[in-house]
Amino acid sequence: MGCRLFNLCEYETYKLVRIRSVKLGTLKWTLNGVILMFICFMMLWNKEYQEYDLITSSVTTKVKGVAHTNIPYIGEVVWDVVDYSGHSPERNSFFVATNVIVTKNQKQDKCPEIPPWGLCKAHMDCEKGFSDQHSHGVQTGSCVKYDILRKTCEISAWCPVESQKRPPRPALLASAENFTVLIKNNIRFPAFNYIRRNILPEMKDSDLKGCIYHQFTNPYCPIFRLGDVVHEAKEKFSDMAVEGGVIGIQINWDCDLNRFFHSCLPKYSFRRLDEKESNQTLYPGLSFRFARYFTMNGVEQRTLFKVYGIRFDVMVFGKAGKFSIIQLIIYIGSTLSYYALTNVFIDWLIGTKCYSKKANQNYSEKFESVHDQQECLLCISFVDEEQLRVVKKSQKKSLQETNPIFLHRWKNTLTGKRFLIVIQKRGQTMTPPVQIGQWSELKADGILSAKHSDVSAGTPLQEKPRSGYLDWCHCGVCHHSTSLHEQLCCRQSKGRCISTCSLFHVLVLNHSTLETALLYETPLAEQHEEDQLRHEAYAQYIKWRFGEKTPMDAVPVIPSCCLWRIRDQYPSPDGKYSGFKFH
Ligand code: ZN
Ligand code: ZN
(Lines give C-alpha, C1' and ligand atoms only; values in the text may rest on other atoms or scores of the structure.)
(Ligands and ions follow the chains in the order given, each with its own letter.)
Protein backbone atom coordinates (compact mmCIF):
# COMPACT_ATOMS: atom_id res chain seq x y z
CA MET A 1 0.00 0.00 0.00
CA GLY A 2 2.81 2.40 0.91
CA CYS A 3 4.10 1.78 -2.54
CA ARG A 4 1.12 3.41 -4.12
CA LEU A 5 1.57 6.54 -2.10
CA PHE A 6 3.81 9.15 -3.73
CA ASN A 7 4.14 6.97 -6.86
CA LEU A 8 7.20 5.32 -5.37
CA CYS A 9 6.82 2.19 -7.45
CA GLU A 10 6.24 3.95 -10.72
CA TYR A 11 8.51 5.05 -13.50
CA GLU A 12 7.39 7.12 -16.46
CA THR A 13 9.15 6.81 -19.77
CA TYR A 14 8.64 8.14 -23.26
CA LYS A 15 7.02 6.12 -25.99
CA LEU A 16 8.76 6.55 -29.31
CA VAL A 17 7.37 6.28 -32.79
CA ARG A 18 9.74 4.72 -35.30
CA ILE A 19 9.06 5.83 -38.85
CA ARG A 20 10.61 3.54 -41.43
CA SER A 21 11.63 5.95 -44.15
CA VAL A 22 14.81 6.12 -46.19
CA LYS A 23 14.32 9.83 -46.74
CA LEU A 24 13.91 10.67 -43.06
CA GLY A 25 16.73 8.34 -42.06
CA THR A 26 19.11 9.93 -44.54
CA LEU A 27 18.05 13.38 -43.45
CA LYS A 28 18.60 12.50 -39.81
CA TRP A 29 22.12 11.18 -40.33
CA THR A 30 23.03 14.03 -42.66
CA LEU A 31 21.94 16.62 -40.11
CA ASN A 32 23.72 14.76 -37.32
CA GLY A 33 26.85 14.61 -39.47
CA VAL A 34 26.73 18.34 -40.13
CA ILE A 35 26.28 19.04 -36.42
CA LEU A 36 29.18 16.73 -35.56
CA MET A 37 31.43 18.47 -38.09
CA PHE A 38 30.44 21.85 -36.72
CA ILE A 39 31.17 20.76 -33.16
CA CYS A 40 34.57 19.31 -34.13
CA PHE A 41 35.44 22.44 -36.10
CA MET A 42 34.50 24.72 -33.20
CA MET A 43 36.45 22.51 -30.82
CA LEU A 44 39.64 22.72 -32.87
CA TRP A 45 39.17 26.38 -33.77
CA ASN A 46 38.53 27.59 -30.23
CA LYS A 47 40.73 24.91 -28.63
CA GLU A 48 37.84 23.96 -26.37
CA TYR A 49 39.73 20.89 -25.18
CA GLN A 50 42.17 23.09 -23.23
CA GLU A 51 42.14 24.57 -19.82
CA TYR A 52 43.40 28.12 -19.62
CA ASP A 53 45.37 30.33 -17.32
CA LEU A 54 45.77 34.10 -17.42
CA ILE A 55 49.10 35.85 -17.59
CA THR A 56 51.00 37.69 -14.90
CA SER A 57 53.87 39.78 -16.13
CA SER A 58 56.41 42.50 -15.48
CA VAL A 59 57.86 45.04 -17.90
CA THR A 60 61.07 47.07 -17.87
CA THR A 61 62.21 49.48 -20.55
CA LYS A 62 65.46 51.11 -21.54
CA VAL A 63 65.53 53.99 -24.05
CA LYS A 64 68.65 54.79 -26.06
CA GLY A 65 69.55 57.60 -28.44
CA VAL A 66 71.01 61.07 -28.68
CA ALA A 67 69.31 64.11 -30.23
CA HIS A 68 70.94 67.20 -31.52
CA THR A 69 68.77 70.30 -31.58
CA ASN A 70 68.96 74.04 -32.00
CA ILE A 71 66.82 75.78 -29.40
CA PRO A 72 65.95 79.49 -29.90
CA TYR A 73 67.74 81.89 -27.54
CA ILE A 74 69.82 78.98 -26.26
CA GLY A 75 71.65 77.59 -29.22
CA GLU A 76 72.71 74.11 -30.06
CA VAL A 77 71.97 71.49 -27.45
CA VAL A 78 72.64 67.77 -27.46
CA TRP A 79 70.02 65.78 -25.60
CA ASP A 80 70.79 62.38 -24.25
CA VAL A 81 68.65 59.86 -22.47
CA VAL A 82 68.78 61.64 -19.11
CA ASP A 83 67.42 64.81 -20.63
CA TYR A 84 64.59 63.51 -22.73
CA SER A 85 63.44 60.44 -20.89
CA GLY A 86 61.56 61.66 -17.91
CA HIS A 87 60.54 59.33 -15.17
CA SER A 88 56.99 58.22 -15.66
CA PRO A 89 55.04 57.39 -12.52
CA GLU A 90 53.38 54.39 -14.14
CA ARG A 91 55.29 51.18 -14.05
CA ASN A 92 54.81 49.86 -17.55
CA SER A 93 55.47 53.04 -19.48
CA PHE A 94 58.21 55.39 -20.55
CA PHE A 95 58.26 58.98 -21.75
CA VAL A 96 60.28 60.50 -24.53
CA ALA A 97 60.44 64.28 -24.96
CA THR A 98 59.85 65.45 -28.51
CA ASN A 99 59.36 69.20 -28.16
CA VAL A 100 60.30 71.85 -25.65
CA ILE A 101 59.74 75.47 -24.67
CA VAL A 102 62.65 76.88 -22.68
CA THR A 103 62.47 80.02 -20.55
CA LYS A 104 65.93 80.90 -19.33
CA ASN A 105 67.20 82.73 -16.26
CA GLN A 106 63.99 83.19 -14.32
CA LYS A 107 64.32 84.77 -10.91
CA GLN A 108 62.02 86.08 -8.20
CA ASP A 109 61.07 89.57 -9.41
CA LYS A 110 58.33 91.92 -10.57
CA CYS A 111 57.28 91.91 -14.20
CA PRO A 112 54.13 92.46 -16.31
CA GLU A 113 51.57 89.67 -16.66
CA ILE A 114 51.28 87.94 -20.03
CA PRO A 115 48.20 88.87 -22.10
CA PRO A 116 45.40 87.99 -22.39
CA TRP A 117 45.44 87.80 -18.59
CA GLY A 118 45.75 90.86 -16.41
CA LEU A 119 45.10 93.49 -19.12
CA CYS A 120 44.60 96.97 -17.60
CA LYS A 121 44.47 100.62 -18.38
CA ALA A 122 45.20 102.19 -14.99
CA HIS A 123 46.44 101.15 -11.55
CA MET A 124 42.87 100.93 -10.29
CA ASP A 125 42.26 97.96 -12.63
CA CYS A 126 44.79 95.90 -10.71
CA GLU A 127 44.15 94.54 -7.23
CA LYS A 128 47.05 94.05 -4.89
CA GLY A 129 47.48 90.42 -3.80
CA PHE A 130 45.05 89.05 -6.43
CA SER A 131 45.69 85.82 -8.22
CA ASP A 132 43.63 83.06 -9.87
CA GLN A 133 44.35 79.77 -11.59
CA HIS A 134 45.50 81.50 -14.78
CA SER A 135 47.84 83.91 -13.06
CA HIS A 136 51.56 83.51 -13.32
CA GLY A 137 52.07 85.41 -10.09
CA VAL A 138 50.51 87.66 -7.50
CA GLN A 139 49.47 91.18 -8.58
CA THR A 140 51.29 94.14 -7.01
CA GLY A 141 48.48 96.61 -7.70
CA SER A 142 50.16 98.65 -10.45
CA CYS A 143 49.44 98.68 -14.16
CA VAL A 144 52.56 98.59 -16.32
CA LYS A 145 53.44 98.55 -19.97
CA TYR A 146 53.67 95.11 -21.56
CA ASP A 147 54.42 96.12 -25.15
CA ILE A 148 53.80 99.13 -27.35
CA LEU A 149 50.01 98.71 -27.41
CA ARG A 150 49.06 96.86 -24.27
CA LYS A 151 49.37 97.35 -20.55
CA THR A 152 49.07 94.58 -17.98
CA CYS A 153 49.06 94.35 -14.21
CA GLU A 154 52.42 93.94 -12.62
CA ILE A 155 52.99 90.67 -10.78
CA SER A 156 55.48 89.23 -8.38
CA ALA A 157 56.63 86.03 -10.06
CA TRP A 158 59.45 84.03 -11.61
CA CYS A 159 60.41 86.64 -14.17
CA PRO A 160 60.50 86.79 -17.08
CA VAL A 161 57.20 84.83 -17.36
CA GLU A 162 57.06 82.02 -19.91
CA SER A 163 55.64 83.83 -22.94
CA GLN A 164 55.39 81.21 -25.67
CA LYS A 165 51.95 79.59 -25.69
CA ARG A 166 52.17 77.25 -28.63
CA PRO A 167 54.75 74.51 -29.04
CA PRO A 168 57.33 75.06 -31.79
CA ARG A 169 56.54 73.55 -35.15
CA PRO A 170 58.29 71.44 -36.39
CA ALA A 171 59.09 69.79 -33.11
CA LEU A 172 62.54 70.57 -31.80
CA LEU A 173 63.28 66.99 -30.87
CA ALA A 174 61.64 65.31 -33.87
CA SER A 175 64.81 63.31 -34.35
CA ALA A 176 63.67 61.29 -31.33
CA GLU A 177 62.05 58.98 -33.85
CA ASN A 178 65.43 57.36 -34.28
CA PHE A 179 65.66 56.51 -30.59
CA THR A 180 65.34 52.87 -29.68
CA VAL A 181 63.78 51.19 -26.70
CA LEU A 182 64.51 47.76 -25.29
CA ILE A 183 61.40 46.25 -23.74
CA LYS A 184 61.95 43.38 -21.37
CA ASN A 185 58.83 41.45 -20.54
CA ASN A 186 58.83 38.53 -18.16
CA ILE A 187 55.67 36.48 -18.04
CA ARG A 188 54.36 33.68 -15.92
CA PHE A 189 51.37 31.36 -16.06
CA PRO A 190 50.90 30.33 -12.44
CA ALA A 191 48.57 27.39 -13.06
CA PHE A 192 51.11 25.65 -15.28
CA ASN A 193 54.16 27.04 -13.49
CA TYR A 194 55.44 28.28 -16.83
CA ILE A 195 57.93 31.14 -17.07
CA ARG A 196 59.13 32.90 -20.19
CA ARG A 197 60.33 36.28 -21.40
CA ASN A 198 60.20 38.12 -24.67
CA ILE A 199 63.95 37.76 -25.13
CA LEU A 200 63.61 34.24 -26.42
CA PRO A 201 65.97 31.51 -25.18
CA GLU A 202 67.34 30.82 -28.66
CA MET A 203 68.41 34.47 -29.12
CA LYS A 204 72.10 35.19 -28.74
CA ASP A 205 73.74 38.36 -27.54
CA SER A 206 74.94 39.11 -31.06
CA ASP A 207 71.39 38.75 -32.38
CA LEU A 208 70.11 41.28 -29.89
CA LYS A 209 72.78 43.92 -30.44
CA GLY A 210 72.02 44.67 -34.03
CA CYS A 211 68.32 43.89 -34.28
CA ILE A 212 65.41 46.25 -34.65
CA TYR A 213 61.85 45.02 -34.47
CA HIS A 214 60.03 44.76 -37.76
CA GLN A 215 56.53 43.41 -38.16
CA PHE A 216 57.48 40.89 -40.84
CA THR A 217 61.25 40.51 -41.03
CA ASN A 218 62.12 40.53 -37.34
CA PRO A 219 58.93 40.09 -35.29
CA TYR A 220 60.57 38.77 -32.10
CA CYS A 221 63.29 41.36 -31.62
CA PRO A 222 62.59 43.23 -28.34
CA ILE A 223 64.28 46.45 -29.50
CA PHE A 224 61.96 48.99 -31.11
CA ARG A 225 62.69 52.15 -33.06
CA LEU A 226 60.23 54.78 -31.83
CA GLY A 227 59.55 56.03 -35.34
CA ASP A 228 58.51 52.52 -36.39
CA VAL A 229 56.29 52.13 -33.34
CA VAL A 230 54.44 55.36 -34.08
CA HIS A 231 54.27 54.45 -37.74
CA GLU A 232 52.68 51.08 -37.00
CA ALA A 233 50.17 52.85 -34.80
CA LYS A 234 49.22 54.64 -38.04
CA GLU A 235 50.56 58.01 -36.90
CA LYS A 236 53.18 60.34 -38.27
CA PHE A 237 55.99 60.88 -35.78
CA SER A 238 56.76 64.43 -36.86
CA ASP A 239 53.11 65.48 -36.33
CA MET A 240 52.75 63.68 -33.06
CA ALA A 241 56.03 65.07 -31.78
CA VAL A 242 54.71 68.66 -31.74
CA GLU A 243 52.11 68.30 -29.01
CA GLY A 244 52.85 64.82 -27.76
CA GLY A 245 50.53 61.92 -27.11
CA VAL A 246 50.18 58.40 -25.80
CA ILE A 247 51.05 55.26 -27.74
CA GLY A 248 50.14 51.78 -26.56
CA ILE A 249 52.51 48.88 -27.14
CA GLN A 250 50.52 45.70 -26.74
CA ILE A 251 52.25 42.42 -26.17
CA ASN A 252 49.97 39.46 -26.65
CA TRP A 253 50.99 36.01 -25.56
CA ASP A 254 48.76 33.25 -26.89
CA CYS A 255 50.48 30.13 -25.69
CA ASP A 256 49.79 26.52 -26.44
CA LEU A 257 51.62 24.50 -23.83
CA ASN A 258 50.81 21.06 -25.23
CA ARG A 259 53.88 18.98 -25.93
CA PHE A 260 53.32 18.48 -29.64
CA PHE A 261 51.96 21.89 -30.54
CA HIS A 262 54.10 23.87 -28.16
CA SER A 263 54.24 27.53 -29.04
CA CYS A 264 54.59 30.56 -26.82
CA LEU A 265 55.69 33.65 -28.68
CA PRO A 266 54.93 37.31 -28.10
CA LYS A 267 52.96 39.24 -30.68
CA TYR A 268 53.40 43.00 -30.71
CA SER A 269 50.84 45.52 -31.82
CA PHE A 270 50.71 49.28 -31.55
CA ARG A 271 48.00 51.91 -31.41
CA ARG A 272 47.51 55.45 -30.31
CA LEU A 273 45.63 55.67 -27.03
CA ASP A 274 44.79 59.38 -26.66
CA GLU A 275 42.56 61.54 -28.81
CA LYS A 276 44.50 62.29 -31.94
CA GLU A 277 42.65 65.24 -33.47
CA SER A 278 44.30 68.29 -31.98
CA ASN A 279 41.40 70.63 -32.69
CA GLN A 280 38.81 68.29 -31.18
CA THR A 281 40.25 68.26 -27.70
CA LEU A 282 40.70 71.33 -25.57
CA TYR A 283 43.97 70.22 -24.05
CA PRO A 284 45.63 68.09 -26.68
CA GLY A 285 48.82 66.16 -26.44
CA LEU A 286 50.98 65.48 -23.46
CA SER A 287 53.17 68.03 -21.74
CA PHE A 288 54.58 68.96 -18.38
CA ARG A 289 57.01 71.49 -16.94
CA PHE A 290 60.16 71.10 -14.97
CA ALA A 291 62.93 73.47 -13.95
CA ARG A 292 66.65 73.41 -13.31
CA TYR A 293 67.80 75.68 -10.52
CA PHE A 294 71.11 77.39 -10.12
CA THR A 295 72.60 80.39 -8.34
CA MET A 296 74.13 83.28 -10.19
CA ASN A 297 75.75 86.15 -8.29
CA GLY A 298 74.10 84.99 -5.10
CA VAL A 299 70.61 85.07 -6.64
CA GLU A 300 68.70 81.87 -7.17
CA GLN A 301 67.67 81.44 -10.79
CA ARG A 302 66.07 78.70 -12.80
CA THR A 303 65.63 77.54 -16.35
CA LEU A 304 62.02 76.47 -17.03
CA PHE A 305 61.32 73.68 -19.48
CA LYS A 306 57.89 72.96 -20.85
CA VAL A 307 58.31 69.52 -22.36
CA TYR A 308 56.03 67.90 -24.91
CA GLY A 309 56.50 64.24 -25.58
CA ILE A 310 55.15 60.81 -26.27
CA ARG A 311 54.39 58.37 -23.52
CA PHE A 312 54.60 54.71 -24.47
CA ASP A 313 52.43 52.39 -22.38
CA VAL A 314 53.36 48.75 -22.53
CA MET A 315 50.36 46.45 -22.03
CA VAL A 316 50.66 42.72 -21.71
CA PHE A 317 47.79 40.35 -22.45
CA GLY A 318 47.77 36.64 -22.80
CA LYS A 319 46.56 33.24 -21.86
CA ALA A 320 48.02 29.79 -22.01
CA GLY A 321 46.12 26.63 -22.79
CA LYS A 322 46.90 23.04 -22.09
CA PHE A 323 44.94 19.91 -22.98
CA SER A 324 42.59 18.85 -20.25
CA ILE A 325 40.41 15.74 -20.40
CA ILE A 326 37.93 17.37 -18.02
CA GLN A 327 37.55 20.39 -20.30
CA LEU A 328 37.05 18.05 -23.24
CA ILE A 329 34.32 16.10 -21.43
CA ILE A 330 32.61 19.32 -20.38
CA TYR A 331 32.74 20.59 -23.94
CA ILE A 332 31.33 17.36 -25.37
CA GLY A 333 28.60 17.41 -22.75
CA SER A 334 27.68 20.97 -23.60
CA THR A 335 27.35 20.16 -27.30
CA LEU A 336 25.08 17.12 -26.99
CA SER A 337 22.01 19.30 -26.91
CA TYR A 338 22.74 20.44 -30.47
CA TYR A 339 21.63 17.02 -31.70
CA ALA A 340 18.13 17.83 -30.51
CA LEU A 341 18.01 20.30 -33.38
CA THR A 342 17.74 17.33 -35.74
CA ASN A 343 14.66 16.08 -33.92
CA VAL A 344 13.14 19.53 -33.81
CA PHE A 345 13.66 19.97 -37.54
CA ILE A 346 12.39 16.54 -38.57
CA ASP A 347 9.41 16.74 -36.23
CA TRP A 348 8.57 20.06 -37.78
CA LEU A 349 9.03 18.62 -41.25
CA ILE A 350 6.73 15.63 -40.79
CA GLY A 351 4.26 17.87 -39.04
CA THR A 352 3.94 20.04 -42.14
CA LYS A 353 1.04 18.99 -44.33
CA CYS A 354 3.23 19.24 -47.38
CA TYR A 355 5.51 16.40 -46.34
CA SER A 356 2.74 14.16 -44.97
CA LYS A 357 0.93 14.43 -48.25
CA LYS A 358 4.03 13.55 -50.24
CA ALA A 359 4.77 10.54 -48.07
CA ASN A 360 1.13 9.43 -48.16
CA GLN A 361 1.23 9.14 -44.44
CA ASN A 362 -0.63 10.86 -41.72
CA TYR A 363 1.76 11.41 -38.88
CA SER A 364 -0.86 12.95 -36.68
CA GLU A 365 -1.15 9.54 -34.94
CA LYS A 366 2.20 10.40 -33.51
CA PHE A 367 0.33 12.64 -31.14
CA GLU A 368 -2.13 11.22 -28.71
CA SER A 369 -4.76 13.65 -27.60
CA VAL A 370 -6.19 13.12 -24.16
CA HIS A 371 -9.03 15.16 -22.74
CA ASP A 372 -8.72 16.44 -19.27
CA GLN A 373 -12.13 15.23 -18.18
CA GLN A 374 -14.12 12.80 -20.24
CA GLU A 375 -17.72 13.78 -20.61
CA CYS A 376 -20.02 10.82 -20.18
CA LEU A 377 -23.30 10.88 -22.00
CA LEU A 378 -26.02 8.35 -21.17
CA CYS A 379 -29.01 7.28 -23.27
CA ILE A 380 -32.38 6.52 -21.67
CA SER A 381 -35.49 4.99 -23.17
CA PHE A 382 -38.86 5.21 -21.38
CA VAL A 383 -41.61 2.89 -22.50
CA ASP A 384 -44.21 5.65 -22.19
CA GLU A 385 -42.16 8.17 -24.16
CA GLU A 386 -41.47 8.07 -27.87
CA GLN A 387 -38.10 9.80 -27.80
CA LEU A 388 -34.73 8.60 -26.59
CA ARG A 389 -33.20 10.86 -23.99
CA VAL A 390 -29.56 11.77 -23.91
CA VAL A 391 -28.47 12.94 -20.46
CA LYS A 392 -25.24 13.98 -18.86
CA LYS A 393 -24.13 11.86 -15.97
CA SER A 394 -25.10 13.76 -12.87
CA GLN A 395 -23.46 13.62 -9.48
CA LYS A 396 -26.52 15.00 -7.67
CA LYS A 397 -29.69 13.65 -9.26
CA SER A 398 -30.86 10.13 -9.94
CA LEU A 399 -30.75 9.12 -13.57
CA GLN A 400 -34.57 9.03 -13.60
CA GLU A 401 -34.72 12.73 -12.75
CA THR A 402 -31.82 14.04 -14.76
CA ASN A 403 -32.91 16.55 -17.39
CA PRO A 404 -32.18 15.52 -20.97
CA ILE A 405 -29.71 17.55 -22.99
CA PHE A 406 -31.00 16.06 -26.23
CA LEU A 407 -34.15 14.25 -27.39
CA HIS A 408 -33.97 11.80 -30.25
CA ARG A 409 -37.07 10.62 -32.11
CA TRP A 410 -36.41 6.99 -32.91
CA LYS A 411 -38.43 4.32 -34.62
CA ASN A 412 -37.39 0.74 -34.56
CA THR A 413 -38.23 0.08 -38.17
CA LEU A 414 -37.02 -3.08 -39.80
CA THR A 415 -36.07 -5.23 -36.85
CA GLY A 416 -39.09 -4.00 -34.93
CA LYS A 417 -41.44 -5.15 -37.59
CA ARG A 418 -39.81 -8.54 -37.78
CA PHE A 419 -40.34 -8.96 -34.05
CA LEU A 420 -44.00 -8.39 -34.56
CA ILE A 421 -44.19 -10.93 -37.35
CA VAL A 422 -42.60 -13.51 -35.11
CA ILE A 423 -44.94 -12.69 -32.26
CA GLN A 424 -47.99 -12.84 -34.48
CA LYS A 425 -46.92 -16.20 -35.93
CA ARG A 426 -46.35 -17.69 -32.56
CA GLY A 427 -49.56 -16.32 -31.10
CA GLN A 428 -49.62 -16.18 -27.35
CA THR A 429 -46.69 -18.55 -26.91
CA MET A 430 -44.27 -17.28 -24.40
CA THR A 431 -41.32 -19.23 -25.73
CA PRO A 432 -41.56 -19.39 -29.49
CA PRO A 433 -38.99 -21.38 -31.47
CA VAL A 434 -36.73 -18.91 -33.11
CA GLN A 435 -35.60 -18.86 -36.68
CA ILE A 436 -31.95 -18.17 -36.99
CA GLY A 437 -32.18 -15.69 -39.85
CA GLN A 438 -34.57 -13.47 -37.97
CA TRP A 439 -33.18 -13.58 -34.48
CA SER A 440 -29.63 -13.19 -35.42
CA GLU A 441 -30.38 -9.59 -36.33
CA LEU A 442 -31.22 -8.98 -32.74
CA LYS A 443 -27.68 -9.62 -31.75
CA ALA A 444 -26.02 -6.46 -30.64
CA ASP A 445 -22.63 -6.91 -32.19
CA GLY A 446 -19.79 -5.74 -30.10
CA ILE A 447 -21.83 -4.04 -27.42
CA LEU A 448 -21.32 -6.88 -25.01
CA SER A 449 -19.07 -9.86 -25.48
CA ALA A 450 -20.69 -13.28 -25.31
CA LYS A 451 -19.71 -16.89 -25.42
CA HIS A 452 -21.84 -19.88 -26.04
CA SER A 453 -23.04 -22.38 -23.54
CA ASP A 454 -25.92 -24.68 -23.21
CA VAL A 455 -27.88 -23.90 -20.16
CA SER A 456 -31.42 -24.96 -19.44
CA ALA A 457 -34.21 -22.45 -19.08
CA GLY A 458 -33.95 -19.90 -16.31
CA THR A 459 -35.74 -19.47 -13.07
CA PRO A 460 -39.48 -18.79 -12.95
CA LEU A 461 -40.65 -15.25 -13.56
CA GLN A 462 -40.61 -12.91 -10.62
CA GLU A 463 -42.61 -9.77 -11.05
CA LYS A 464 -43.01 -8.67 -7.52
CA PRO A 465 -41.27 -5.46 -6.46
CA ARG A 466 -38.07 -6.16 -4.58
CA SER A 467 -38.39 -3.36 -2.11
CA GLY A 468 -40.73 -0.84 -0.63
CA TYR A 469 -41.70 2.47 -2.16
CA LEU A 470 -39.06 4.16 -4.34
CA ASP A 471 -39.74 7.80 -5.26
CA TRP A 472 -38.07 7.44 -8.68
CA CYS A 473 -39.85 4.18 -9.68
CA HIS A 474 -43.18 4.39 -11.49
CA CYS A 475 -43.61 0.74 -12.47
CA GLY A 476 -43.29 -0.65 -8.97
CA VAL A 477 -40.81 -3.35 -9.89
CA CYS A 478 -37.49 -1.52 -9.66
CA HIS A 479 -34.88 -2.40 -7.09
CA HIS A 480 -33.44 -0.11 -4.49
CA SER A 481 -29.97 1.20 -5.31
CA THR A 482 -27.70 3.76 -3.68
CA SER A 483 -25.96 4.46 -6.96
CA LEU A 484 -27.54 7.46 -8.68
CA HIS A 485 -27.01 6.15 -12.20
CA GLU A 486 -28.77 2.88 -11.34
CA GLN A 487 -31.86 4.74 -10.19
CA LEU A 488 -33.72 4.45 -13.47
CA CYS A 489 -37.23 3.13 -14.09
CA CYS A 490 -38.69 1.93 -17.36
CA ARG A 491 -41.45 4.58 -17.17
CA GLN A 492 -41.89 8.32 -16.82
CA SER A 493 -45.40 8.07 -15.35
CA LYS A 494 -47.22 5.45 -13.31
CA GLY A 495 -48.15 2.30 -15.18
CA ARG A 496 -47.30 -1.26 -16.06
CA CYS A 497 -43.67 -2.34 -16.19
CA ILE A 498 -42.15 -3.20 -19.53
CA SER A 499 -40.56 -6.30 -18.02
CA THR A 500 -44.01 -7.80 -17.53
CA CYS A 501 -45.03 -7.62 -21.18
CA SER A 502 -44.84 -10.69 -23.37
CA LEU A 503 -42.50 -9.11 -25.89
CA PHE A 504 -39.91 -8.66 -23.13
CA HIS A 505 -40.03 -12.37 -22.49
CA VAL A 506 -39.82 -13.26 -26.15
CA LEU A 507 -37.05 -10.86 -27.13
CA VAL A 508 -34.99 -10.55 -23.99
CA LEU A 509 -35.56 -13.39 -21.58
CA ASN A 510 -36.31 -16.32 -23.87
CA HIS A 511 -33.63 -18.94 -23.56
CA SER A 512 -33.86 -20.07 -27.18
CA THR A 513 -33.59 -16.51 -28.44
CA LEU A 514 -30.40 -15.92 -26.52
CA GLU A 515 -29.03 -19.31 -27.38
CA THR A 516 -29.64 -18.68 -31.06
CA ALA A 517 -28.09 -15.23 -30.97
CA LEU A 518 -25.00 -16.63 -29.30
CA LEU A 519 -24.78 -19.51 -31.72
CA TYR A 520 -25.04 -17.13 -34.62
CA GLU A 521 -21.69 -15.72 -33.68
CA THR A 522 -19.88 -18.97 -32.82
CA PRO A 523 -21.92 -21.76 -34.46
CA LEU A 524 -19.94 -24.69 -33.07
CA ALA A 525 -19.94 -23.73 -29.42
CA GLU A 526 -21.76 -26.27 -27.30
CA GLN A 527 -22.35 -24.75 -23.95
CA HIS A 528 -23.33 -21.31 -22.82
CA GLU A 529 -22.89 -20.19 -19.28
CA GLU A 530 -25.41 -18.18 -17.30
CA ASP A 531 -23.13 -15.14 -17.51
CA GLN A 532 -23.08 -15.26 -21.28
CA LEU A 533 -26.82 -15.63 -21.50
CA ARG A 534 -27.31 -12.74 -19.12
CA HIS A 535 -25.01 -10.50 -21.08
CA GLU A 536 -26.72 -11.51 -24.29
CA ALA A 537 -30.06 -10.64 -22.70
CA TYR A 538 -28.71 -7.16 -21.86
CA ALA A 539 -27.61 -6.84 -25.46
CA GLN A 540 -31.00 -7.90 -26.75
CA TYR A 541 -32.77 -5.37 -24.58
CA ILE A 542 -30.46 -2.57 -25.76
CA LYS A 543 -30.94 -3.60 -29.35
CA TRP A 544 -34.70 -3.61 -28.92
CA ARG A 545 -35.07 -0.35 -27.06
CA PHE A 546 -32.21 1.72 -28.55
CA GLY A 547 -31.48 0.31 -32.01
CA GLU A 548 -28.10 -0.14 -33.66
CA LYS A 549 -26.59 3.12 -32.59
CA THR A 550 -27.48 5.53 -29.84
CA PRO A 551 -27.61 9.29 -30.57
CA MET A 552 -24.35 11.12 -29.81
CA ASP A 553 -22.74 7.76 -29.02
CA ALA A 554 -24.28 7.93 -25.58
CA VAL A 555 -24.09 4.82 -23.39
CA PRO A 556 -27.46 3.04 -23.23
CA VAL A 557 -28.72 2.37 -19.70
CA ILE A 558 -31.02 -0.54 -18.83
CA PRO A 559 -33.69 0.41 -16.26
CA SER A 560 -33.48 -1.17 -12.83
CA CYS A 561 -36.63 -3.30 -13.26
CA CYS A 562 -35.47 -4.87 -16.53
CA LEU A 563 -31.91 -5.26 -15.28
CA TRP A 564 -33.04 -7.25 -12.26
CA ARG A 565 -35.59 -9.20 -14.26
CA ILE A 566 -32.74 -10.44 -16.48
CA ARG A 567 -30.52 -11.10 -13.46
CA ASP A 568 -33.27 -13.13 -11.84
CA GLN A 569 -33.58 -15.21 -14.98
CA TYR A 570 -29.86 -15.77 -15.46
CA PRO A 571 -28.29 -15.19 -12.08
CA SER A 572 -24.64 -14.95 -11.41
CA PRO A 573 -23.40 -18.07 -9.58
CA ASP A 574 -21.90 -16.06 -6.76
CA GLY A 575 -24.71 -13.49 -6.69
CA LYS A 576 -22.36 -10.66 -7.66
CA TYR A 577 -22.83 -8.37 -10.61
CA SER A 578 -20.31 -6.01 -12.01
CA GLY A 579 -22.96 -3.36 -12.36
CA PHE A 580 -23.07 -0.52 -14.78
CA LYS A 581 -19.74 0.47 -16.23
CA PHE A 582 -18.87 3.51 -18.23
CA HIS A 583 -16.48 3.37 -21.09
ZN1 ZN B 1 -39.81 1.02 -11.99
ZN1 ZN C 1 -40.35 -1.28 -14.93
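Okay, here's what the table says:
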item	result
Extension gain from Lys64 to Leu503, taking 0.36 nm per residue of separation minus the Cα-Cα distance	145.2 nm
Most to least accessible of His511, His68 (protein chains only, probe 1.4 Å)	His68, His511
Kirkwood hydrodynamic radius of region 93-134, from inverse mean 1/r over distinct Cα pairs, in Å	14.2
Extreme residue, positive dipole direction of region 121-190, given options His136, Ser156, Thr180 (C-beta unit charges)	Thr180
For region 295-347, average projected area of the Cα convex hull in nm²	10.6
q = 0.13, 0.24 Å⁻¹: log10 I(q)/I(0) that the Debye formula gives for region 512-554, counting C-alpha atoms only	-0.33, -0.83
Solvent exposure, largest accessible area first (probe 1.4 Å, DNA, RNA and ligands not counted), of Ile35, Ile195	Ile195, Ile35
Cβ-based net charge around Ile183, under 11 Å, with every Lys or Arg adding one and every Asp or Glu removing one	+3
Solvent-accessible heavy-atom area per residue, rounded to whole Å², over region 114-159 at 1.4 Å	65
Largest to smallest accessible area among Arg259, Arg534 [probe 1.4 Å]	Arg259, Arg534
Theoretical gain in end-to-end length, Trp45 to Ser163 [0.36 nm per residue, Cα-Cα removed]	36.4 nm
5 angstrom amide H check on Val246, placed H, neighbours 5+ away	Leu273, Asp274, Arg311
Region 7-149, accessible surface, carbon-and-sulfur percent (1.4 angstrom probe)	58
Sparse-neighbour loop sites [chymotrypsin sites (Phe, Trp or Tyr not before Pro); region 171-210; at most 13 other C-beta within 10 Å; DSSP]	none
Volume per residue of the C-alpha convex hull in region 114-159, rounded to whole Å³	61
Nearest-10 value in Å² for the accessible area of Ser560, using the 1.4 Å probe	0
Alpha-carbon gyration tensor eigenvalues x 5, square-rooted, for region 93-228, Å	55, 18, 11
Accessible-area value, Arg289, 1.4 Å probe, nucleic acids and ligands omitted, Å²	130
Dipole magnitude (debye, nearest 20) for region 226-320, charges at Cβ of Lys, Arg, Asp, Glu	200
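The values are calculated or read from the model by the stated rules, or taken from the named source; none is laboratory data. This structure is a prediction, so every number in the text was calculated from the model and none was measured. With ideal geometry, Cβ positions are generated from the backbone for all residues, glycine too; neighbour counts draw on all protein chains shown. Note: accessible area is taken over every heavy atom of the protein model, side chains too, but ligands, DNA and RNA are not part of it. Shrake-Rupley method; radii C 1.70, N 1.55, O 1.52, S 1.80 Å.
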